[in-house]
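The block underneath contains the structure these notes are about, expressed in structure tokens.
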Amino acid sequence: MGSSTENSYFQTTRNPRDLSRVPGGSSGGSAAAVAADEAIYALGSDTGGSVRHPAAFCGVVGMKPTYGLVSRYGLTAFASSLDQIGPITKDVYDSALLLNYLAKHDEMDSTSAVKKTPDYTEGIDRGIEGLKVGLPKEYFGKELDSRIQEKAKKWRKTFEKLGADVVEISLPHTEYAIATYYIIASSEASANLARFDGVRYTSRADTDSIEELFSRSRDEGFGPEVKRRILLGTYALSAGYYDEYYGKAQKARRLIKQDFDRAFEDVDLIAAPTSPTPAFEIGEKIEDPLEMYLSDVFIVPVNLAGIPAMSIPGGEVNGGLPVGMQIMGGSLAEKKILRAGYAFEQNFEN
């Protein structure tokens, strides 16, 4: 869990673009493998941006589909109302190609969409002339690195050159997204990971009592970040605090989703930075969990709303550090997102 892979059981993954920096997370290994030409494509699990965040840091394409579009059967659950499998690829066309195989109904997953899916590669090169693209002002505030601010000006010019109508919009409840996400995700993690007690799941400690078996198996099997989130979630779900924390977070989640619903009544797509900064150095934020959590500020709203989004390379800063731009759409708007991403990819100049 986390935005850097520094909490991984397999140790820290390094960013192929700069080995002193993190590859993003939590699917940083998948993004690094694709960026380093170790794999043509990889899969990631996007609970709060964990496909898009490492894609941005490693300079590849990461797609988070609409909630329920891709089966999660076989995935170790983190937060069941947020988790979504998505592809990480070199370019947008490969992402569309992979989605043709991934986006199928699966009766083994109760949240899997029954809807028949289209060919995502068909019409991908049609261009975006006439589409309306919104730029949310809340994503371009003081927390956004000035180098990415400069890149964002070029993103807008590219969309306008392609014939899109670019307008400023507002997603007013964005400021509550981080707190909302970490309460909901941690609460669901606490419930989901309760099964990993050494009896049916995970490694089993050698003990003399059932109580010690549970305690030691969980202590040895979970790392510090996972334990932190389980404790946060258990507290939020405890008697006397459920309504104060989890209940309020669900109400805030509804407001965040309504922001997107209203926005998509006026615009076809939303474009914004994937991360407020380029890849940071290994060790830079590991001792400050709150600072680490804030790096997810632009990506968690999508998961809370259940909508699709894709991070694509949006230029480089400091002589080679990738910057990610994400394109968001309404529910099941993957074809439109891929079309816009493909057009941008073919025409953007760093």
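With the requirement that a residue be closer than 22 Å to residue 189 by Cα and either among the aliphatic types (A, V, I, L, M) or part of a loop (DSSP other than H, G, I, E, B) (or both), what does the stretch 203-222 give you? Passing the criteria: 203, 204, 205, 213, 222.
Scanning the stretch 83-102 for residues that are crowded, with 22+ Cβ neighbours inside 10 Å and out of contact with any strand residue (DSSP E or B) (no Cβ under 8 Å at 6 or more places or on another chain) yields a count of 1. Sub-9 Å Cβ pairs linking a first residue in the stretch 9-30 that is free of Cβ contacts under 8 Å to residues at least 12 places away in the same chain to a second residue that is surrounded by fewer than 24 Cβ atoms within 10 Å (Cβ to Cβ) and polar (S, T, N, Q), at least 6 apart or interchain, number zero. Among the conditions (1) in contact with a Leu (Cβ under 8 Å, 6 or more places away or on another chain); (2) in contact (Cβ under 8 Å) with a residue 40 or more places away in the chain; (3) under 23 Å from residue 55 (Cα atoms); (4) outside any helix (DSSP H, G or I), the only one that residue 83 does not satisfy is (2).
Of the residues making up the stretch 19-35, those that are under 19 Å from residue 323 (Cβ atoms), modelled with pLDDT of 95 or more and surrounded by 20 or more Cβ atoms within 10 Å (Cβ to Cβ) number 10. Inside the stretch 243-274, residues that are over 17 Å from residue 171 (Cβ atoms) and among the polar types (S, T, N, Q) make up a count of 1.
Pull up the stretch 256-307, narrow it to residues that are part of a loop (DSSP other than H, G, I, E, B) and among the aliphatic types (A, V, I, L, M), then point me to the one that is surrounded by the most Cβ atoms within 10 Å (Cβ to Cβ). So the residue we want is 299. Examine the stretch 130-153 for a residue that is touching a residue at least 60 places away in the same chain (Cβ under 8 Å), part of a loop (DSSP other than H, G, I, E, B) and not acidic (Asp, Glu), and state whether such a residue exists. Checking the stretch 130-153: at least one residue is touching a residue at least 60 places away in the same chain (Cβ under 8 Å), part of a loop (DSSP other than H, G, I, E, B) and not acidic (Asp, Glu).
Within the bounds of the stretch 184-196, is there any residue that is at pLDDT below 90 and surrounded by 15 or more Cβ atoms within 10 Å (Cβ to Cβ)? There is at least one residue in the stretch 184-196 that is at pLDDT below 90 and surrounded by 15 or more Cβ atoms within 10 Å (Cβ to Cβ). Would you check which residues across the stretch 218-239 are more than 15 Å from residue 78 (Cα to Cα), surrounded by 17 or more Cβ atoms within 10 Å (Cβ to Cβ) and modelled with pLDDT of 90 or more and list them? If the condition is that a residue be more than 15 Å from residue 78 (Cα to Cα), surrounded by 17 or more Cβ atoms within 10 Å (Cβ to Cβ) and modelled with pLDDT of 90 or more, then 236, 237 are the ones that fit. Would you confirm, using the coordinates I've provided, whether residue 181 is aromatic (Phe, Trp, Tyr) and either more than 28 Å from residue 296 (Cβ to Cβ) or assigned to a loop (DSSP other than H, G, I, E, B) (or both)? So residue 181 does not fit the description; no.
Condition check ((1) over 9 Å from residue 311 (Cβ atoms); (2) outside any helix (DSSP H, G or I); (3) within 15 Å of the chain's Cα centre (by Cα)) across all residues:
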| site | (1), (2), (3) |
| --- | --- |
| 39 | yes, yes, no |
| 49 | no, yes, yes |
| 53 | no, no, yes |
| 57 | yes, no, yes |
| 62 | no, yes, yes |
| 70 | yes, yes, yes |
| 76 | yes, yes, no |
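With respect to the conditions (1) within 21 Å of residue 260 (Cβ to Cβ); (2) part of a loop (DSSP other than H, G, I, E, B), residue 108 falls short on a single one, namely (1). Among the residues of the stretch 103-120, those that are buried (at least 19 other Cβ atoms within 10 Å of the Cβ) and modelled with pLDDT of 95 or more comprise 103, 120.
Conditions (1) closer than 27 Å to residue 343 by Cβ; (2) of a type in the set (Val, Ile, Thr); (3) in contact with a Lys or Arg (Cβ under 9 Å, 6 or more places away or on another chain), marked per residue:
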{"site": "72", "(1), (2), (3)": "no, no, no"}
{"site": "75", "(1), (2), (3)": "no, no, no"}
{"site": "82", "(1), (2), (3)": "no, no, no"}
{"site": "97", "(1), (2), (3)": "yes, no, no"}
{"site": "102", "(1), (2), (3)": "yes, no, no"}
{"site": "109", "(1), (2), (3)": "no, no, yes"}
{"site": "115", "(1), (2), (3)": "yes, no, no"}
{"site": "124", "(1), (2), (3)": "yes, yes, yes"}
{"site": "128", "(1), (2), (3)": "yes, yes, yes"}
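For the stretch 308-326, taking the residues that are out of contact with any Gly (no Cβ under 8 Å at 6 or more places or on another chain) and not small (Gly, Ala, Ser), the one that is surrounded by the most Cβ atoms within 10 Å (Cβ to Cβ) is identified as 326.
Against the definition (at pLDDT below 95 and either charged (D, E, K, R) or within 20 Å of the chain's Cα centre (by Cα) (or both)), how does residue 151 come out, yes or no? Show your work before the answer.
Details: at pLDDT below 95: no; either charged (D, E, K, R) or within 20 Å of the chain's Cα centre (by Cα) (or both): yes.
The answer is no for residue 151.
The set of residues in the stretch 65-79 being over 20 Å from residue 114 (Cβ atoms) and in contact with a helix residue (DSSP H, G or I) (Cβ under 6 Å, 6 or more places away or on another chain) consists of 77, 78, 79.
The values are calculated or read from the model by the stated rules, or taken from the named source; none is laboratory data. Note that this is a predicted model, so its numbers are computed, not measured. Cβ: placed from backbone, ideal geometry, glycine included. Neighbour counts: every protein chain shown.
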